[in-house]
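All remarks here apply to the structure that follows.
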Amino acid sequence: MTIQEKIDRKVTLIEGRLDIYLQKENFVGNTLAEAMRYSVFAGGKRLRPVLLLATHELLDGDCEEALALACAIEMIHTYSLIHDDLPAMDNDDIRRGKPTNHKVFGDGFALLAGDGLLNYAFEIMLNNSLHYQHHIVNHIKAIFEIAKGAGVHGMIAGQCLDLSNEGKDIDLSTLSMIHERKTSALILSALMAGLILNNPTQQESEAVCLFGSHVGLSFQIIDDILDIIGDVKKTGKEIGRDVLKDKATFPKFYGLEKSKKIVNSLIDEAVDSLTVFGQKADFLKEYAIYLGKRDY
Ligand code: GRG
């Protein structure tokens with residue numbers, strides 16, 4: 001099976017379950033359901049849920065047990081994109097190749113769709129944990145990991161740092177801190193949540209942690225690179241927004257070629273960090289290499 005086929009298999013599972021969670025009959029307000037579905041099914045890469053299922057597999061976990069968490073993390077990620085696109089934040093018109101949520105449903109419903117997805121994600125994860133009483137502590141630990149990655153110590157902290165440094169001349173360590181919180185934190189929590197469900201050893205947790213921080217940073221650097229040389233038809237969002245806003249990015253500090261080299265060495269280190277898992281990490285290693293070459 002090719003890496004693309006392996007990814008597609010996971011994505012099909014995730015999207016099938018997301019479709020069930022987001023059936024319109026589950027919600028009182030039709031517009032709320034439509035607005036949530038609109039962004040969730042606008043065509044994301046499903047990076048975070050795929051990573052969560054992949055680390056769950058590292059220790060032979062049952063996919064069904066982790067699927068709710070995988071869907072929940074995609075909902076949390078989608079909420080962050082909806083809110084980030086709002087006029088009060090980045091004021092973007094296109095996301096995932098379509099008009100942004102507020103352009104279609106208005107600012108109020110976009111806010112509520114984001115709030116709805118965030119809260120529903122925790123409802124789904126907690127409800128799922130009740131079906132796995134024998135693993136309930138693992139589930140609480142996994143949900144805690146996701147709450148930390150998404151919340152005031154993770155992604156929201158990164159967004160705050162980003163907002164408060166807008167228009168300022170920041171140094172590389174501040175930029176790295178923004179990337180670490182805003183982008184890597186949720187990616188890392190997806191990886192750790194999948195792993196934690198199966199009682200990893202300290203060595204296994206440290207290996208995945210290292211993998212996550214390298215993949216997370218490389219993912220954001222590629223995002224910065226694609227903002228310069230990407231194709232809107234592939235990325236699904238406007239190009240040149242960082243330059244327009246004079247945002248600090250890796251390409252701004254290092255130039256394009258050096259930034260690409262940094263990505264390559266981060267991916268190499270990520271792959272090396274998974275040695276402890278032997279062949280069981282083959283998918284994650286291939287996926288990291290695949291992500292390192294992405295142009296979308
Ligand atoms: C808490 C409101 C709020 C925002 C959090 C995630 C975020 C901060 C803002 C979104 C904008 C952005 C560029 C974030 C950096 C992380 C990133 C590269 C997001 C895009 O993720 P992809 O490429 O998107 O996985 P798809 O659409 O494929 O799911």
Problem set entry | Number of the condition not met by Asp92 [criteria: (1) assigned to a helix (DSSP H, G or I); (2) within 25 Å of Cys160 (Cα to Cα)] | (1)
Exercise. Only one of these conditions is not met by Arg294: (1) part of a helix (DSSP H, G or I); (2) open to solvent by less than 30 Å² (accessible area, probe 1.4 Å); (3) within 16 Å of the ligand (Cβ to nearest atom). Which number is it?
Worked result: (1)
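Among the residues of segment 12-35, is there at least one that is more than 13 Å from the ligand (Cβ to nearest atom) and within 21 Å of Arg294 (Cα to Cα)? Talk me through it step by step, then tell me what you get.
Looking only at segment 12-35, we keep the residues that are more than 13 Å from the ligand (Cβ to nearest atom), and these are 12-13, 16-17, 19-35.
Filter again for within 21 Å of Arg294 (Cα to Cα), leaving 12.
Looking for residues that are more than 13 Å from the ligand (Cβ to nearest atom) and within 21 Å of Arg294 (Cα to Cα), one finds at least one in segment 12-35, hence yes.
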Seminar exercise, completed: In segment 132-165, anything under 14 Å from the mean Cα position of the chain (by Cα) and among the aliphatic types (A, V, I, L, M) is listed as Ile146, Ala147, Ala150, Met155, Ile156
For this session: Filter segment 7-49 down to residues that are among the aliphatic types (A, V, I, L, M) and outside any helix (DSSP H, G or I) and give me whichever is farthest from Ala150 (Cα to Cα).
Result: Val28
Exercise. Which residues, counting only those in segment 96-105, are modelled with pLDDT of 95 or more and either in a loop (DSSP other than H, G, I, E, B) or within 10 Å of the ligand (Cβ to nearest atom) (or both)?
Worked result: Thr100
Problem set entry | Selection within segment 28-73 - at positive phi and touching a residue at least 60 places away in the same chain (Cβ under 8 Å) | Gly43, Asp60
Exercise. Does Asp231 qualify as being among the acidic types (Asp, Glu) and open to solvent by 30 Å² or more (accessible area, probe 1.4 Å)?
Worked result: yes
Seminar exercise, completed: If we keep only residues of segment 269-291 that are open to solvent by less than 30 Å² (accessible area, probe 1.4 Å) and of a type outside the set (A, V, I, L, M, F, W, C), then the residue farthest from the ligand (Cβ to nearest atom) is Ser273
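Answer yes or no as to whether Gly212 is closer than 23 Å to Glu65 by Cβ and open to solvent by less than 20 Å² (accessible area, probe 1.4 Å).
Yes: the conditions hold for Gly212.
The values are calculated or read from the model by the stated rules, or taken from the named source; none is laboratory data. Source: prediction; values computed, not measured. Methodologically, a virtual Cβ is constructed for each residue, glycine included, from the backbone with ideal geometry; neighbour enumeration extends over all protein chains shown. Accessible surface is based on the protein model in full, side chains and every heavy atom, while ligands, DNA and RNA are left aside. Shrake-Rupley method; radii C 1.70, N 1.55, O 1.52, S 1.80 Å.
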